[in-house]
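Chemist: Dumping the structure here so I can ask a few things about it.
The values are calculated or read from the model by the stated rules, or taken from the named source; none is laboratory data. Remember, predicted model here, so these are calculated numbers, not experimental data. Note that each Cβ is placed from the backbone with ideal geometry, even for glycine, and that neighbours are counted across all protein chains shown. Heavy atoms of the whole protein, side chains included, go into the accessibility calculation; ligands, DNA and RNA do not. Shrake-Rupley method; radii C 1.70, N 1.55, O 1.52, S 1.80 Å.
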Amino acid sequence: GAVVSQHPSWVICKSGTSVKIECRSLDFQATTMFWYRQFPKQSLMLMATSNEGSKATYEQGVEKDKFLINHASLTLSTLTVTSAHPEDSSFYICSAIRQGADMTQYFGPGTRLLVL
Amino acid sequence: AQSVSQHNHHVILSEAASLELGCNYSYGGTVNLFWYVQYPGQHLQLLLKYFSGDPLVKGIKGFEAEFIKSKFSFNLRKPSVQWSDTAEYFCAVNAEAGNNRKLIWGLGTSLAVNP
């Protein structure tokens, strides 16, 4: 159990376009989801915490107008990279905490974004 | 500020060698501790976790970790590694303050096991 999926697994887009990434908890309900960026050979950088039905909490230095997060249901959170630029190219990973359980985070497989 | 330190950035071992990866954190209160593994091309998976109770925690694939509160440490161990243990290992800590569920991450340790 505790499977998290992400879609798409990779995406290439032109500079200036917007890209939406979905994160789904497949076999559990998640009141809290997290969005991370991971740079090559580096650790995870937390971007924001997403709670179902409320506004996301962004980490310092993360532009909330650029990285729009919507957690509309207990199984789905979306991250939209608006007006993407090449520096937004990265590996985006989501994680989810099972509702009613301990705070263990279960991770999705990640989405590779390349902005040309 | 809270931080997590993993001392070994790159470790190279031969099969059957013993493994110990260090993890130290800086926070004086109650903590929840995790080790995650990321195999090449795969997503992060939970190896083991500590919330309370027996400070020696056993996880999947023969891994264990010991929480030593006085040393602020949560080192990961495996008595005999295999080639398939080649991966990136991350230590993460949650400092229980209010309703904070965020994890503070170490920079990771890259383990290469030679057959």
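Chemist: Given the conditions (1) of a type in the set (S, T, N, Q); (2) closer than 21 Å to A:Val11 by Cα; (3) surrounded by fewer than 19 Cβ atoms within 10 Å (Cβ to Cβ), report the number of the one that A:Ser73 does not fulfil.
Modeler: (2)
Chemist: Mind telling me which of the residues B:Leu76, B:Leu47 ends up being touching a Lys or Arg at 6+ places or on another chain (Cβ under 8 Å) and either under 21 Å from B:Ser5 (Cβ atoms) or in a loop (DSSP other than H, G, I, E, B) (or both)? Before you say what the answer is, go through the steps one by one.
Modeler: Details: B:Leu76 fails: touching a Lys or Arg at 6+ places or on another chain (Cβ under 8 Å).
Checking each option against the conditions leaves just B:Leu47.
Chemist: Right, next: Where residues in the stretch A:56-95 are outside any loop (DSSP other than H, G, I, E, B) and within 13 Å of another protein chain (Cβ to nearest Cβ), which of them is nearest to A:Lys41 (Cα to Cα)? Write out each step before concluding.
Modeler: Taking the stretch A:56-95 first, the residues outside any loop (DSSP other than H, G, I, E, B) are A:57-58, A:67-73, A:76-81, A:86-88, A:90-95.
Subsequent filtering for residues that are within 13 Å of another protein chain (Cβ to nearest Cβ) retains A:57-58, A:91-95.
Details: A:Thr57: 26, A:Tyr58: 24, A:Phe91: 11, A:Tyr92: 14, A:Ile93: 14, A:Cys94: 18, A:Ser95: 19 Å.
Ranking the candidates gives A:Phe91 first.
Results for (1) more than 22 Å from B:Trp35 (Cα to Cα); (2) touching a strand residue (DSSP E or B) at 6+ places or on another chain (Cβ under 9 Å), shown as yes or no for each residue.
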position: A:Ser25; (1), (2): no, yes
position: A:Gln38; (1), (2): no, yes
position: A:Lys41; (1), (2): no, yes
position: A:Leu44; (1), (2): no, yes
position: A:Glu63; (1), (2): yes, no
position: A:Asn70; (1), (2): yes, yes
position: A:Ser83; (1), (2): yes, no
position: A:Glu87; (1), (2): yes, yes
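Chemist: Can we say B:Lys102 is modelled with pLDDT under 95, in contact with an Asp or Glu (Cβ under 9 Å, 6 or more places away or on another chain) and not small (Gly, Ala, Ser)? Talk me through it step by step, then tell me what you get.
Modeler: Values: modelled with pLDDT under 95: yes; in contact with an Asp or Glu (Cβ under 9 Å, 6 or more places away or on another chain): yes; not small (Gly, Ala, Ser): yes.
Criteria met by B:Lys102.
Chemist: Could you list, in sequence order, all residues of the stretch B:2-27 that are without any contact (Cβ under 8 Å) to a residue 60 or more places away in the chain and open to solvent by less than 70 Å² (accessible area, probe 1.4 Å)?
Modeler: B:Gly22, B:Asn24, B:Ser26
Chemist: Also, quick follow-up: If I go through the stretch A:1-44 residue by residue, how many of them are assigned to a loop (DSSP other than H, G, I, E, B), in contact (Cβ under 8 Å) with a residue 24 or more places away in the chain and among the basic types (Lys, Arg)?
Modeler: 1
Chemist: Name the one entry in A:Gln105, A:Gln99, A:Gln29 that is touching a Leu at 6+ places or on another chain (Cβ under 7 Å) and open to solvent by less than 20 Å² (accessible area, probe 1.4 Å).
Modeler: Selected residue: A:Gln105, the only one of A:Gln105, A:Gln99, A:Gln29 that is touching a Leu at 6+ places or on another chain (Cβ under 7 Å) and open to solvent by less than 20 Å² (accessible area, probe 1.4 Å).
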